[in-house]
Amino acid sequence: SRGQAGQPQAIPEVLIPIRMPGDPEILLPAHAAGSGLPLTWEVATGPATVSGNVVTLTGELGPVTLKASQSGDALWDPLVGQVCFSVTEDGGYTQVSLTDQYSSIRSYAVSRSGRITGWGVNGAAKPLTTRTGRRWKWVSVGGWSRPYAIAEDGGLWAWGDGFLGKPPQPDGSAAEPFRIGVENNWRAVSAGRSLRAAIKTDGTLWAWTNPEGLPITNLPVLKDARTDWADVWVSRDDGSFFRRSDGTTYQLRGPNGGSSLYTGQNGSGQWAAASVSVGGLTAIKADGTLWLHYGQDFGLSMDTDWMAVASLKEFYMALRSEGTLWGGPMTRGLPPQLPAQYITKTRWSKIFPGDDRLELISLDGALWIRNSFVYPPSTGENSDGGFTRIAPAFFPQTLDFMAAREQPFPVVSGSILAVPEAALNSRLPVELTVVSGPAEIAGQGISFTGPGLVEVSFKQAG
């Protein structure tokens, strides 16, 4: 036996992306962090089963909560914790494009199921989703109401009047798109107000224009026959940035993007990723450092762990490899402010810029939006706020079990142990119940009436 509190164990970090029915089994960590003692897993709620440390989905939809426990030993405290994830029809999102002109936001996102969902489209009260049958792999808004998309078979399509269609589909789904050309070899497309650019699977670069507000009539035109084009980016105001696989960069010039390519600033083979807006060009070099260009290059960070950038009208945003979000104002030629961290509990995998808003995909595949930015950002744990989760529908809540460790263990008879008052992420109030043992609930705490093992349940209806 021991005469004082033992060392705390912990669950190894587990982040399970949004799943779809029929996805493969999920392997969980088998041992607690710190102690190395074996974990016991069970399904608390949701459409899944667990055997040992292997989770199998049952085929239904809904949030899943997994409970992990470890009884401890002479050196280590007992451990109780949980892991949450969702099982949805679309399985989370992989790519998104948005336009936010005139204070109205229209978003289009591609899910793992190959469907495109649009939010805020032509005044539609609910999100509109493409019908099953044709699967999609890429979408770009293309002006105010002109989504362009690439199907899984490589075909290029567009919606001339926006997703809503005229008249709307009786079942509330998105309108049917129309085909652009007959080729099935498109890899990526990016569209601005009038300029569109695309890369084929053979690596050639194509571009064309179609004035905003007019019917879509023009077809893609070959701009460069070299077969090593890697990225295309067209901003809402028709700024362009094209990158070859060796890191050299190019732009289009002339009316509405024009017809001639020219080498971009510092196009000598050093850029790995970039995003352009009226405020400037934010880029990551091949060595992982972060830069801003507006007439000249400004080094924003010489750290080498930057992985994604987004240029808004007045702000630049960037992601580090661990999923943290950083940013600062774009000062249009003046020395820029260095990136500051926007602190959130959520970690991110991808970011996509509008004019003033940013959409993000979190590491679990959920879609989020941030409506405005200030600099410097607020400080403190999760103090920034302002990030709204758009989709999917299921949002598992979590409880911070370690909050109960604010007092040393073991507790003595007559003491009261404070426990979490609300779920960690939703902040909805938690209901406490003593399941067994010498204790009772006292306010938002546990009052111990004698020695023994106490089991308490935590419930939140959602």
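The values are calculated or read from the model by the stated rules, or taken from the named source; none is laboratory data. If you're wondering where the values come from, they're calculated on a predicted model, not measured in any experiment. Note that each Cβ is placed from the backbone with ideal geometry, even for glycine, and that neighbours are counted across all protein chains shown. All accessible areas refer to the heavy atoms of the entire protein, side chains included, with ligands and DNA or RNA removed. Shrake-Rupley method; radii C 1.70, N 1.55, O 1.52, S 1.80 Å.
Classify the stretch 1-74 from the C-alpha gyration tensor, please: rounded if a/c falls under 1.5, else prolate or oblate depending on whether a/b exceeds b/c. Taking the square roots of the gyration eigenvalues as a ≥ b ≥ c, the stretch 1-74 is prolate.
For the stretch 1-75, the set of GluC sites (Glu not before Pro) satisfying both a DSSP loop assignment and a count of at most 14 other C-beta atoms within 10 Å is given as Glu13, Glu25, Glu60. Across the stretch 290-343, the convex hull enclosing all Cα atoms gives 71 Å³ per residue. Compared with the alpha-carbon gap, the fully stretched path from Glu60 to Glu42 is longer by 4.7 nm at 0.36 nm per residue. Extension gain for Asn53-Ala422 works out to 130.0 nm (0.36 nm per residue, less the C-alpha to C-alpha distance). Ordered from highest to lowest accessible area with the whole protein assembly present and a 1.4 Å probe, Phe241, Phe352, Phe458 read as Phe458, Phe352, Phe241.
Relative to the current alpha-carbon distance between Thr304 and Thr433, full extension at 0.36 nm per residue lengthens the span by 41.5 nm.
Computed packing ranks the peptides 148-156, 434-442, 28-36, 308-316 as 308-316, 148-156, 28-36, 434-442, most packed first, by mean other Cβ atoms within 10 Å. Distances between placed amide hydrogens fall under 5 Å for Val430 paired with Ala422, Ala423, all partners being 5 or more residues away or on another chain.
Normalised by residue number, the volume inside the convex hull of the Cα atoms of the stretch 40-131 is 157 Å³ per residue.
Students often get this wrong, so check it: of Lys67/Lys137; Lys126/Lys350; Lys350/Lys459; Lys137/Lys459, which have C-alpha atoms separated by over 31 Å? Going by Cα-Cα distance, Lys67/Lys137; Lys350/Lys459; Lys137/Lys459 fall outside the 31 Å limit. With the whole protein complex present, Ser190 retains an accessible surface near 10 Å², based on a 1.4 Å probe. For Leu75 and Ala286, the FRET efficiency from 1/(1 + (r/R0)^6), where r spans their Cβ atoms and R0 equals 56 Å, is about 0.70.
Counted by Cβ distance under 10 Å from Arg320, the other residues give a net charge of -2, where Lys and Arg count +1 and Asp and Glu count -1.
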